[in-house]
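Structure, as structure tokens:
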Amino acid sequence: MIWYPYQQMKTMKDPYKIIDAEGVMLKTPEREMIDSVSSWWSVIHGYKHPVLTEAIKKQADCFSHVMLGGLTHEPVLKLADKLKNFLPGDLDYCFFSDSGSVAVEVALKMALQYYVNRGEMERTKVLSLTHAYHGDTFKTMEVGDDEDYHFILEAYGEKKNVIHVPTQIPALEQAFEKYHQQLNCMIVEPLLQGAGGMRMYDLSFLVRARELCDRYGVLLIFDEVATGFGRTGNRFVADLVQPDILVLGKALTGGYIGHAVTVANRKVYDGFYSDDADKALMHGPTFMGNALACSVALASIEVFEKQDYMAKIKRIEEITRREMGGFSHNKIKEVRIMGGCVCVEVKEADTLKGYQQFAYERGVFSRPFLNCMYAMVPYIISEEQLIRVLDTMKAWFL
Ligand SMILES: *Cc1c(COP(=O)(O)O)cnc(C)c1O
């Protein structure tokens with residue numbers, strides 16, 4: 001018996017059974033449909049990509065996994081080296097793990113211990129955004145601001161170590177003024193807050209956050225598990241404003257296998273580098289640096305670079321703006337577009353009831369949540385397929 005994610009099992013409708021997948025298409029026994037969700041935003045090259053599949057097969061013929069405790073191997077060394085060159089500035093120090101949530105946990109642990117290692121014991125708090133989502137494990141739920149997790153607040157009472165601010169500069173400045181001595185880090189999903197409702201905000205907020213973090217000696221963490229690898233129309237938002245710690249997941253392996261990485265800059269790494277064993281980072285997921293995951297991640301980044309994916313994403317954004325331009329309806333609050341993400345926010349969540357089946361019957365897989373009907377398509381989508389996705393979204397309202 002499978003316990004499905006985010007579902008009331010008693011009332012859940014049967015999930016669609018996938019029997020094959022290729023390019024942007026998912027196949028069920030009855031039909032084919034375009035995956036407009038990219039399997040939770042990860043399958044950026046589409047399914048059954050020959051280069052990625054070959055990379056994983058080749059590695060499986062050699063070995064699939066060895067632990068990183070006391071051992072190392074070519075795929076993980078190559079991937080760390082690749083990331084060092086691919087990522088901006090001195091974001092050079094890669095700690096691998098098996099999921100985005102764990103990679104965020106590692107980032108938060110790094111930030112706290114960075115200050116403990118320096119003897120600054122009062123820096124126990126984290127600054128985070130309202131509507132933040134950083135994963136489903138306990139600390140990530142705490143720094144998150146997801147209504148679905150408010151049962152935790154009911155059970156535990158107020159959050160003691162997390163302060164939430166909206167994406168507005170005056171509120172940010174006030175929070176720094178009040179709490180800067182107690183903060184070890186600020187964590188954000190930069191420019192685009194995904195699971196909190198596809199909320200988009202301005203770069204000036206991040207520029208100000210960087211300035212305040214520098215002034216008060218607070219570490220800045222970018223959780224780019226969702227936004228990384230082009231989704232916002234930037235390779236990484238970290239190309240525009242550089243964080244101290246960058247978290248990548250989801251599209252890291254092109255959606256082939258779960259893997260993630262927490263990348264620290266030189267300053268953070270140096271905060272642990274010591275003759276004192278107690279200053280080491282005590283973390284080590286069993287499957288960190290998995291050889292299949294590293295091989296496919298390397299292949300994914302190579303394809304991303306060689307085939308000019310940034311141009312593909314720009315084209316997706318242009319087509320989306322053209323097709324959605326001026327579209328409105330009295331049930332729609334707002335249409336938002338950024339890079340390879342489009343969100344139609346409706347006034348009442350009820351408006352989206354039945355949309356998934358409606359889309360399915362028109363050959364599109366969609367998974368609306370909260371008040372959001374959205375698409376985050378694989379970057380290899382054709383113009384015709386993208387128009388089909390957008391037409392289906394519009395058709396629901398007509
Ligand atoms: C999906 C997501 C995570 C969690 O990643 P998992 O691999 O599901 O644990 C963390 N942060 C953000 C911004 C995400 O979108």
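The values are calculated or read from the model by the stated rules, or taken from the named source; none is laboratory data. Just so it is clear, the model here is predicted, and its values are computed rather than measured. Here the Cβ is made from the backbone with ideal geometry for all residues, glycine too, and neighbour counts use every protein chain on show. SASA here: full protein model, heavy atoms, side chains in, ligands and nucleic acids out. Shrake-Rupley method; radii C 1.70, N 1.55, O 1.52, S 1.80 Å.
Solvent exposure of the chain, expressed per residue, is 46 Å² of accessible area, with all protein chains present and a 1.4 angstrom probe.
Rounded to whole numbers, the Karplus 3J(HN,Hα) couplings from phi for the stretch 352-369 are 8, 4, x, 5, 4, 5, 4, 5, 4, 5, 9, x, 9, 8, 9, 9, x, 9 Hz, using 6.51 cos²θ - 1.76 cosθ + 1.60 with θ = phi - 60°, and x at Gly and Pro.
Could you tell me what % of all Cα pairs in the chain have separations over 39 Å? Write out the running numbers ahead of the final one.
Numbers: 13660 of 79003 pairs.
Above the 39 Å cut-off, the chain has 17 percent of its Cα pairs.
Local charge for residue 124 was computed over the other residues whose Cβ lies under 13 Å away, with Lys and Arg +1 and Asp and Glu -1, and equals +3.
Here is the link list: 78/306; 58/78; 27/58. Which ones come out longer than 19 Å on Cα distance?
Values: 78/306 17 Å; 58/78 15 Å; 27/58 26 Å.
Long pairs (Cα-Cα over 19 Å): 27/58.
Relative to one another, the C-alpha centroids of the stretch 28-50 and the stretch 277-313 are positioned 21 Å apart. For the stretch 177-217, the Cα-based Rg and Dmax, in that order, read 11.8, 32 Å.
Straight-distance candidates among the lysines for linking to residue 159, with alpha-carbon spacing under 20 Å and chain neighbours fewer than 8 residues away dropped: 109, 125, 139, 178.
Taking all C-alpha pairs of the stretch 8-101, those more than 21 Å from each other amount to 57 percent. What net charge is computed for the residues neighbouring residue 313, neighbours being all others with C-beta under 11 Å from the C-beta of residue 313, Lys and Arg scored +1, Asp and Glu -1? Surrounding charge for residue 313 is +2. Sorting 284-290, 147-153, 25-31 by average packing, meaning the other beta carbons within 10 Å per residue, from highest down gives 284-290, 25-31, 147-153.
In the assembled protein chains, residue 276 presents an accessible area of approximately 70 Å² (probe radius 1.4 Å). If I build a Gaussian network model for the chain, linking alpha-carbon pairs within less than 10 angstrom, which residue out of 257, 169, 221 has the largest mean-square fluctuation? Per the Cα network of the chain with a 10 Å cutoff, 169 tops the list.
Considering all alpha-carbon pairs of the stretch 300-398, what whole percent are spaced by more than 24 angstrom?
On the way: 1090 of 4851 pairs.
Everything past 24 Å amounts to 22 percent.
Helix 383-395 axis versus longest C-alpha principal axis of the chain: approximately 80°, rounded to the nearest ten.
Remark: the residue 216-residue 161 segment gains 18.0 nm on full extension, using 0.36 nm per residue and subtracting the alpha carbon distance. Extension gain for residue 319-residue 398 works out to 26.4 nm (0.36 nm per residue, less the C-alpha to C-alpha distance).
Among beta bridges from DSSP that stay inside the stretch 52-306, the antiparallel ones total about 45%.
Each peptide among 128-134, 199-205, 47-53 gets the average number of other Cβ atoms lying within 10 Å of its residues, and from highest to lowest they stand as 128-134, 47-53, 199-205.
Of the peptides 300-308, 263-271, how do they stack up when ordered by the mean number of other Cβ atoms within 10 Å, highest first? Before the final figure, lay out each step's value.
Values: 300-308: 16.4, 263-271: 20.0.
Packing order, densest peptide first, comes out as 263-271, 300-308.
Just the protein heavy atoms count here, and of the accessible area of the stretch 219-351 at 1.4 Å, carbon and sulfur take up 47 percent.
Report the paramagnetic label zone for residue 181: residues of the stretch 109-135 whose backbone N is under 15 Å from a point 7 Å from Cα along the Cα-to-Cβ axis. What the label zone holds, given the 15 Å backbone N cut-off, is 120-125. Largest first, the three principal axis extents of the alpha carbons in the stretch 74-165 are 48, 33, 21 Å in whole numbers.
Roughly speaking, what is the stretch gain from residue 332 to residue 151, that is 0.36 nm per residue apart minus the C-alpha to C-alpha distance, in nm to one decimal?
On the way: separation 181, 0.36 × 181 = 65.16 nm, distance 2.94 nm.
Full extension of this stretch gives 62.2 nm more.
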